[in-house]
1. Would you kindly compute the Cα radius of gyration of the stretch A:99-164 and its largest Cα-Cα separation (Dmax), both in Å?
2. Would you work out the charge dipole size for the stretch A:66-217 about its Cα centre, treating the Cβ of every Lys and Arg as +1 and the Cβ of every Asp and Glu as -1, and quote it to the nearest 20 debye?
3. Could you list log10 I(q)/I(0) for chain A at q = 0.06, 0.07, 0.11 Å⁻¹, which the Debye formula gives when each Cα is one point scatterer?
4. Compute the Kirkwood hydrodynamic radius of the stretch A:220-310, taking the inverse of the mean of 1/r over all pairs of distinct Cα atoms, and give it in Å to one decimal.
5. Under 13 Å from the Cβ of A:I668, count the other residues' Cβ atoms, weight Lys and Arg +1, Asp and Glu -1, and hand me the total.
6. For the stretch A:268-366, take the convex hull of the Cα atoms, compute a quarter of its surface area, and give me that in nm², please.
7. Calculated FRET efficiency, A:Q720 and A:R541, Cβ-Cβ r, R0 41 Å, to nearest 0.05?
8. Stokes-Einstein diffusion coefficient for the stretch A:680-787 at 20 °C in a medium of 1.002 mPa s, Rh from the Kirkwood formula over Cα pairs: what value in µm²/s?
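No value in this document is a laboratory result; all are computed from the given coordinates. Just so you know, these numbers come straight off a predicted model, no measurement behind them. Heads up, the Cβs are rebuilt from the backbone with ideal geometry, glycines too, and the neighbour counts pull from every protein chain shown.
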Amino acid sequence: MDIRKQILNFKDYSRNTSTMANLKDTYDFEQIESHYQKEWDDKQTYFVETSTENSKNKFYCLSMFPYPSGQLHMGHVRNYTISDTIARVAKLEGKQVLHPMGWDAFGLPAENAAIKNNVPPADWTYKNIDNMRNQLKRLGLGVDWTKELATCHPEYYKWEQWLFTEMYKKGLVYKKESVVNWDPVDQTVLANEQVIDGKGWRSGAPVERRKIPQWFFKITDYADQLLDDLDELEHWPEGVKAMQRNWIGRSQGAQVKFQLSAADASLPLPADTQALEVFTTRPDTLYGVSFIAIAPEHTLSRLAAQKNADLQDLIDRMARMKTSEADMATLPKEGYPTPFTATHPLTGETLPVWVANYVLADYGSGAVMCVAAHDQRDWEFATKYDLPIKPVVSTGDEWDYTEAALTDLGTLINSAEFDGLTSADAKAKICDKLEAETKGFSKIEYRLRDWGISRQRYWGSPIPMIKCESCGDVPVPKEDLPVQLPNDVEFTGEGGSPLAQHATFKHVNCPTCNKPAERETDTFDTFMESSWYYARYTCPRFEDGILSESAKDWTPVDQYVGGIEHATMHLLYSRFLHKVMRDFGYVKSNEPFTRLLCQGMVLSESFFRESDKGEKIYINKLDVDFERDEKGQVIKATEKSTGLPVSLGALEKMSKSKNNGVDPNTLINNYGADTVRLFSMFAAPPEQTLEWSDAGVEGASRFLKRFWKLAYQHLETLEQTEGLDVASVDKMDPKAGELTPAQQEMRLNTHTALQKVTDDYVRRQSFNTGIAALMKLSNQIGAFEETDTQSIVVRHEAIKTLTALLSPIAPHICSEVWTALVGTDLMQETWPVLDESALKTNTITLVVQVNGKKRHEMQVAADASKEDIEKEALSNETVQRFMDGKAPFKVIYVPGRLVNVVVK
RNA sequence: GCCGGGGUGGCGGAACUGGUAGACGCGCCGGAUUCAAAAUCCGGUUCUGGAAACAGAGUGCGAGUUCGAUUCUCGCCCUCGGCACCA
């Protein structure tokens, strides 16, 4: 079980100079793939020493590590093929490539399996890891397995516990009450996904919101840095950066104080709630405030509910809601008036105080000032309850306030001495006035909330804190780390966390005063493990600290590849911990991931028929017969076993429940890893969704067979030519002597492809178009049938180039072809060198348009002058026909592209 | 609801900086090979009209900017991802 057992002994293999293998006449992927996978393992081809020296030319390529569910799925295949391709390109470019793999091994599924099958989570997880590692290896990934780590291993979580205690000492950790989903029947805390329609997934009981003390990281201390440093991330998708900016949600506004009074003498205001502090991003609309709204969980709401059964009902219903923002935002607006009023700080006006279900208790103070005229949510609420709508901003145009709120900025009206000011000026001036009268001040607020890291679960890293009656919260000292998870635990899914129920885990002596104390039984949020693993990969067995010097040299990650679903949380938390580790002196950079590629999901068609009860029964594609029309469109589908008609469902993310998953293992058995990799990379650009297609896989397989045959036939021709052998051809210069036009064209095609594929792989990361260019080159090589010596040399260059360029995608077949063609180890080779001279041509094709429509194509000399080109274009018969006898009004010439003749 | 993607032939996709819409692959159609089939090879394949040459239309919908828009702007529709305890 110990992952250190995975470390292999290194042998010193010299460069492979084995004698050239003759290719077999058929492509035997099984034999080739197992041979090279073994060879790479034996030679430790992908091992990299994470030394300072090597770091000067380093390339750290990382894919988001998988949760070890036990089954590799196509999403994994896609993710790891993308990162593997990028890593292999970098290796061919001569870089020191670190491409590690590990396991995000803590999480709910292991506990669920424990409850269901009575298997200890550790056993279940380690077994899954073994399975998945074997499956991953069959993909032929160029991964340095000596760097493997699993987050559930005590040697990993030890250091994260230690980091937590250091953060605690630096004041970055605090404890506060926070809401969880509570299942009153199972007496346990539920994750959001375990709450279905407001009910516990196992008990079916209505879930309650309950406040319990939990640990938080002060990520908000880093909010400005997290926001500002996004500008450094040139190679991140703009969309992801935008999502992070919105998530952090920095906004400039004002904190305004409203004095309260109680209208009902029997419900006096509590001593500590004589005023409400609200935050607004629109202080310019302060004169338009028509009411104040408070959250249902607010102290005043509960107070008011004592005299209002309907309000109490609303509060109860809200207490049964899930804690998610999406649920809150889609709720129809609902509220009740309270017997409290507020005084407008500037006008002295009396304003009603309402309870409103759209006010979030956890944001700010749980109260907002409502400007019905200029905020859409306030407007909806005001319209429903007939509250006043007071316009105080004008854009100069007429506005119908019975239709919607006017949310644009403008010029102030009905705002006393501020009338006529722009919204921007008014914001500042109103803040000044509030400040002068001590009724408010300007303030920056963030949407970002502190990161709650406590989970009431077993299968996570224990939070290393001890609660002592006399010393308070005491972090576990370094020498006592890690706080290990006990194995003797029972799983029932009831009664809360198994750790809290464990006989001895909880009971310890205080590290400070040695009196009996209680250990924290909550574990870390699993985002914790995934927020620093990339740094630990650089020194996974380092025993003297969280990170060795390697981490300074080998971070940041140069290329990170993973799913778009991690755009906000995982990436934000990682960026946060990276900055913390930087401030502690363990890494040097500001940001953990220099370049980010977010790959799309893998989708496939789903098929179903409806049962008598009207439920959808999903049927695997393999169990369906199809009838198609002459365009290949499915016109009829029936279930093989029953003959019943089957409906075509949507194109959906592969999942068990939709029965539309494709098993990578079966595919590798049938077609080989190279075909599966090729299809995954060819079928769509990496960041878009990928639609699975059996026919497409067949196509990828056919291409590899054609490629094989091309190489095989080339070698045959070569051997049959007198005076030639592979070794001599490989040393001959393809551009020596006069080339025939066909040979010149072949070289043009080869180097055009080389140029395009290099650009597609490296700059654009557009692998599908790169592969398309290679398929085109392959077709061109197939059409080049000359057999004279010079042509063989030209073809040799073409096939060698094709092999090298295809190798990051299909490494096994290319290794075998390369060995036969060149005799060296392709994995030790470098990227082909572009011959600029091969790209030169004498003539170019130009398009001639009339009024923007293509009407003619013409060949011109590459160095023809603008005048000559325009003259020739205008003299063309077709062009003249479309000019309809009129004189050209304007002629637009785009060099190398087109001539556009404009007539009126 | 808020934030961020996506929408192009029968299908997946290409067109990179506003300049030939449909590269490459799949499917389909025709042909070669075969006793036959599979496999393989060759040719065709956006739609409409036309025998063809050719013409017209066409990138989710509606407007706009431009000599020229899949690409830029504005307004919609559909769809996918995230929304803080799935990872």
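1. 13.5, 38
2. Numbers: 20 positive and 17 negative charges, 52 e Å.
Here the size comes out at about 260 debye.
3. After summing over all Cα pairs, the log10 values are -0.60, -0.79, -1.36.
4. Numbers: mean 1/r = 0.0590 Å⁻¹.
In the stretch A:220-310 this quantity evaluates to 17.0 Å.
5. Numbers: positive: A:K137, A:R138, A:R677; negative: A:E30, A:E33, A:D663, A:D674.
Its environment carries a net charge of -1.
6. On the way: hull surface 27.0 nm².
Over every viewing direction, the Cα hull of the stretch A:268-366 projects on average to 6.8 nm².
7. Values: r = 55 Å, r/R0 = 1.34.
Calculated transfer efficiency: 0.15.
8. 134
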